[in-house]
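Inspection log for the structure reproduced underneath, given as structure tokens.
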Amino acid sequence: MPLSDIQSRISKEETRVGRTAGSTHLIAVSKVQPLDRVVAVLDQGYRIFGENKVQEAAGKWPDLKSKYDDIELHLIGPLQTNKARQAMGLFDVIHTVDRPKLAKTIARIAQEEGHCPRLMIQVNTGEEDQKAGVLPADVDAFVAECRDLGLPVEGLMCIPPADEEPSLHFALLAKMARRNDLPELSMGMSSDFERAIAQGATYVRVGSAIFGERDYS
Ligand SMILES: *Cc1c(COP(=O)(O)O)cnc(C)c1O
């Protein structure tokens, strides 16, 4: 589906639910996609992209950043502490801060480098064993801990369980963000971004609906 179609679906949903036009940012999730599809979207003038692996992003984006101005890059996948420095140099926003050790590492590197990306905390709203993220019961304490470390935490992010109605998880995430005075909400993907907008998403992460199915073979 062309990017412009996704953008108009976003606008329509903002209007339908009475939100300010343009209050939802679209992250074009380019992971695994062939380079020509990514370049096509850059050539249309689009500049906000998401990747879920530091290594893959490092192999692709430095070159693209040298060719296209004003790219805004979002890390939406898990971050290992030993890749934190590299990620902090490459990404403008990290959505997946999810444990004290990582928060402390980011804070230390931010001190050393004099620079920190904008940050969001990933919440495991479905309390799934295999999924990353802070448990809902631990969110308030972890937000406070990040603030004590001086980290620029702006919002919360979630990936709802595949087999549950995502709106319930989006609503829960919005409630946790509200009570912690966090303005940003990263939630919603190709199959459910309109429902995320209805619950207050400020960043939706859309991959396959823009670029086509990912080929992992
Ligand atoms: C891959 C991915 C997306 C995009 O998924 P689509 O279903 O292709 O839109 C969104 N968020 C995260 C965290 C992802 O890893």
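Computed from the coordinates by the stated procedures, all read-outs in this text should not be read as laboratory data. On a predicted model such as this, the values are computed, not experimentally measured, just so you know. Cβ coordinates were reconstructed from backbone atoms using ideal geometry, including for glycine residues, and neighbour counts include every protein chain displayed.
Once the piece of chain linking Asp43 and Glu213 is laid out straight, how much longer is it, given 0.36 nm per residue of separation minus the C-alpha distance between them? Length gained, Asp43 through Glu213: 59.2 nm. Couplings for region 154-164, taken from phi via the Karplus curve 6.51 cos²θ - 1.76 cosθ + 1.60 with θ = phi - 60°, read 10, x, 10, 10, 9, 10, x, x, 4, 9, 10 Hz in order; Gly and Pro are left as x. Its Cα centre serving as origin, region 35-129 has a Cβ charge dipole (Lys and Arg +1, Asp and Glu -1) of approximately 340 debye.
Evaluate E = 1/(1 + (r/R0)^6) for Asp5 and Gln80, where r is the Cβ-Cβ distance and R0 equals 35 Å; express this FRET efficiency to the nearest 0.05.
0.45
Residues Arg37, Arg99 in ascending order of nearby Cβ atoms (within 10 Å, fewest first): Arg37, Arg99. A simple spin-label model places the labels of Arg178 and Ala58 4.1 nm from each other, with each point 7 Å out along Cα-to-Cβ. Between Asp69 and Leu168, the distance separating the two model label sites (each 7 Å from Cα on the Cα→Cβ line) works out to 4.9 nm.
Rounded, prolate or oblate: which one fits region 22-116, using the alpha carbon gyration tensor with axes a ≥ b ≥ c (rounded when a/c is under 1.5, else prolate when a/b beats b/c, else oblate)?
Prolate, because a/c is 1.5 or more and a/b exceeds b/c.
Of all DSSP-defined beta bridges confined to the chain, some 0% are antiparallel rather than parallel.
Going by neighbour counts of Cβ atoms within 10 Å, the residues Arg179, Arg118 line up, fewest first, as Arg179, Arg118.
Cα centroids of region 99-177 and region 57-93: 19 Å apart. Taking the Cα centre of the chain as origin and assigning +1 to Lys and Arg Cβ atoms and -1 to Asp and Glu Cβ atoms, the resulting dipole is close to 280 debye.
Rounded, prolate or oblate, given the Cα gyration tensor of the chain, with a/c below 1.5 counting as rounded?
Numbers: a/c = 1.60, a/b = 1.09, b/c = 1.47.
Since a/c reaches 1.5 but b/c is at least a/b, the shape of the chain is classed as oblate.
Pairs of Cα atoms nearer than 8 Å and 6+ residues apart set the relative contact order; for region 1-150 it is 15 percent.
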